[in-house]
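The values are calculated or read from the model by the stated rules, or taken from the named source; none is laboratory data. As the structure is a computational prediction, the values presented were derived from the model and not from experiment. Quick reminder, even Gly has a Cβ in these numbers, built from the backbone with ideal geometry, and neighbours come from all protein chains shown.
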Amino acid sequence: MVNHYVKKGADTANALVCARGLTKAYGSHKVLHGATFDIYERDIVGVVGLNGGGKSTLLKILAVVLSPDSGEGWSGGVPLGGVRSPFCGLMLEHPPFIDNFSGLENLAALAGLRKIATRRDMESTMTDVGLDPKSRKAVKHYSQGMRQRLGLAQALMERPPLLLLDEPLNGLDPSGILDVRQLIWRAADDGATVLFSSHVLSEVQKLCTRVLVVHDGVVTELDRERFVSAEALEEAYREVTGYAYA
């Protein structure tokens, strides 16, 4: 397990991801307002916040599938808002697949874009996430948890240096959550940088070297002592979001 922590103020030139003043609005609703942060190699960064608070938008901007309205930076050496995407593993909250294809057939179709992952890579990654690569079951018959596992497999199979995972724990049973935890640690131990959004604060606390809270369009990084325990992270989350018990 990686035990790596980069303090704020580290050398920006060495950042794998750099965001400076990112803004994004949908109509009159501003979901990001001046987001500024750096992410470094082997960081495991948890992104937390309320539903609709901008977590997914932030990850899509960092994957360069969505352009910010203003601001600048880079992701994996690629300028934000440009025409090229970084070499990253992107897992969307609701991963899109070809419903009539099996899991392995879906991975093969995606692998054909970069031509990096071999069939052996695809099969071993499916096994790693708890899916049977020999199964002919069509994805349309997958449970939500199985689709999540396949979404994670497609993000991991090329062993990219940057993983951007939107709600990878969504719909998983406890065994699935434990599996994802180990896979994220393994990826970071192998040198990958991981950003993932989640509503499961206890897992964010266990997994992460950094935590970003997105609230009212503002991205706030928590000091390390504010997520040293699950209780500390919950208290910090409540403070930043202003959430109180009903």
Original post:
Does the stretch 212-226 include one or more residues that are of a type in the set (A, V, I, L, M, F, W, C), in contact (Cβ under 8 Å) with a residue 60 or more places away in the chain, part of a helix (DSSP H, G or I) and assigned by TED's automatic domain parsing to the domain that holds Gly53?
Top reply: no
Subject >> Single residue of the stretch 1-33 satisfying the filter (over 18 Å from the mean Cα position of the chain (by Cα), over 12 Å from Gly54 (Cβ atoms) and surrounded by 15 or more Cβ atoms within 10 Å (Cβ to Cβ)) that is modelled with the lowest pLDDT >> reply: Val6
Subject >> Selected residue [without any contact (Cβ under 8 Å) to a residue 24 or more places away in the chain and either within 19 Å of the chain's Cα centre (by Cα) or under 21 Å from Val17 (Cα atoms) (or both)] from Gln154, Gln182 >> reply: Gln182
Original post:
With (1) out of contact with any Leu (no Cβ under 8 Å at 6 or more places or on another chain); (2) within 26 Å of Ala187 (Cβ to Cβ); (3) in a loop (DSSP other than H, G, I, E, B); (4) without any contact (Cβ under 8 Å) to a residue 40 or more places away in the chain as the list, and Asp38 as the residue in question, which single condition is left unmet?
Top reply: (3)
**OP:** Output the number of the condition that Ser197 fails; it satisfies all remaining conditions of (1) touching a strand residue (DSSP E or B) at 6+ places or on another chain (Cβ under 8 Å); (2) of a type outside the set (Asp, Glu); (3) more than 29 Å from Phe101 (Cβ to Cβ).
**Re:** (3)
Subject >> Flag if Val64 is among the aliphatic types (A, V, I, L, M), assigned by TED's automatic domain parsing to the domain that holds Glu203 and out of contact with any strand residue (DSSP E or B) (no Cβ under 9 Å at 6 or more places or on another chain) >> reply: no
